[in-house]
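Only one structure is covered here, and it is reproduced in the block below.
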Ligand SMILES: [Zn+2]
């Protein structure tokens, strides 16, 4: 009588069996509650979609939080149930975006104006060089003509 119960408690764990996490009895691996002591072996089963959704909505997943805040600053904070932080980030991002646009506008106008001044200046120099070259060419032809005249006269 006692030998059978001793055999029961010392027998090796089979492939579909597990030890109770409370009393250590060998039980079916799929058992939710230990038949020996009645302790629940695992949390009530959830469908994988349910648990995935829970994970998604519960917050605390750093990857999801980061992706959400990358999509729009504040979303990741909302996901972490930090409404105030989320609002600060969202408003901050909007203000920063607008100020960047305004800043670019303020920068762009003087930049275009400056470039126009610079362009006019450098182009005028080029034009002056062009005019000078044209004048030189006329002068050179005058000289060569007079030189030719001189040569003719010498002969
Ligand atoms: Zn047990």
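Things worth noting here:
- Label-point separation in nm, residue 116 to residue 17, each point 7 Å along Cα→Cβ: 9.2
- Value of Rg to Rh for the stretch 48-154, rounded to two decimals, is 1.72; Kirkwood radius and Rg both from alpha-carbon coordinates.
- Ranked by the mean number of other Cβ atoms within 10 Å of their residues, highest first, the peptides 123-130, 76-83, 27-34 come out as 76-83, 27-34, 123-130.
None of the figures in this text is laboratory data; all of them are computed from the coordinates on show. Just so we're clear, the structure is a prediction, and the values are computed from it rather than from any experiment. Cβ atoms come from the backbone with ideal geometry, glycine included; neighbour counts cover every protein chain shown.
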